[in-house]
1. Within region 49-58, identify whether any single residue is in a helix (DSSP H, G or I), surrounded by fewer than 18 Cβ atoms within 10 Å (Cβ to Cβ) and either at pLDDT 90 or above or polar (S, T, N, Q) (or both), and answer yes or no.
2. I'm told TYR2 meets every condition in (1) over 18 Å from GLU89 (Cα atoms); (2) modelled with pLDDT under 85; (3) surrounded by 12 or more Cβ atoms within 10 Å (Cβ to Cβ) except one. Can you identify the failing condition by its number?
3. Give the residues of region 83-104 that are under 22 Å from GLN61 (Cα atoms) and not in a helix (DSSP H, G or I), sorted by residue number.
4. Could you check how many residues of region 72-82 are free of Cβ contacts under 8 Å to residues at least 60 places away in the same chain, crowded, with 17+ Cβ neighbours inside 10 Å and assigned to a helix (DSSP H, G or I)?
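The values are calculated or read from the model by the stated rules, or taken from the named source; none is laboratory data. Quick caveat: nothing in here was measured; it's all calculated off a predicted structure. With ideal geometry, Cβ positions are generated from the backbone for all residues, glycine too; neighbour counts draw on all protein chains shown.
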Amino acid sequence: MYGDALARANSYQIAILLLLLVLMLTNTNHTLEKLENLLKAAEYKVRYEKGNFKTNACLLQNSRMIVVNKFSNLESKIQAVTELIRQLEIDVKQLDDKQLGLLNQIKQTELEL
């Protein structure tokens with residue numbers, strides 16, 4: 001999806017991108033709940049399990065399930081779920097206006113590369 005832009009980006013640009021994303025999404029339980037609700041509306045399940053995740057979360061393709069490392073801190077959980085949402089093809093017809101706004105906010109960050 002945005003692999004070409006990411007391949008051209010250097011580590012400084014990636015750091016700026018992540019900083020912009022952090023500024024947009026506050027690291028609160030409410031933010032994590034909004035992300036979970038967006039995924040639920042898109043018919044994905046989110047589970048918190050123990051495991052050795054390099055990225056703090058993973059997507060199980062065939063089951064439409066996202067597994068998040070329950071031992072990660074809140075910021076890492078939000079970043080990992082946000083990164084997965086950015087990669088997903090979500091049907092916007094399933095989302096309400098607030099969820100659509102959040103999805104657009106998350107997807108917008110990839111355009112800034």
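1. The answer is no; no qualifying residue exists.
2. With respect to (1) over 18 Å from GLU89 (Cα atoms); (2) modelled with pLDDT under 85; (3) surrounded by 12 or more Cβ atoms within 10 Å (Cβ to Cβ), TYR2 is out only on (1).
3. Scanning region 83-104 gives LEU88, GLU89, ILE90, ASP91, LEU95.
4. Of the residues in region 72-82, 5 are free of Cβ contacts under 8 Å to residues at least 60 places away in the same chain, crowded, with 17+ Cβ neighbours inside 10 Å and assigned to a helix (DSSP H, G or I).
Residues are listed down the side, and each one gets a yes or a no for (1) modelled with pLDDT of 90 or more; (2) surrounded by 14 or more Cβ atoms within 10 Å (Cβ to Cβ); (3) in contact with a His (Cβ under 8 Å, 6 or more places away or on another chain):
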residue	(1), (2), (3)
LEU20	no, no, no
MET24	no, yes, no
GLU43	yes, no, no
ASN69	yes, yes, no
LYS107	no, yes, no
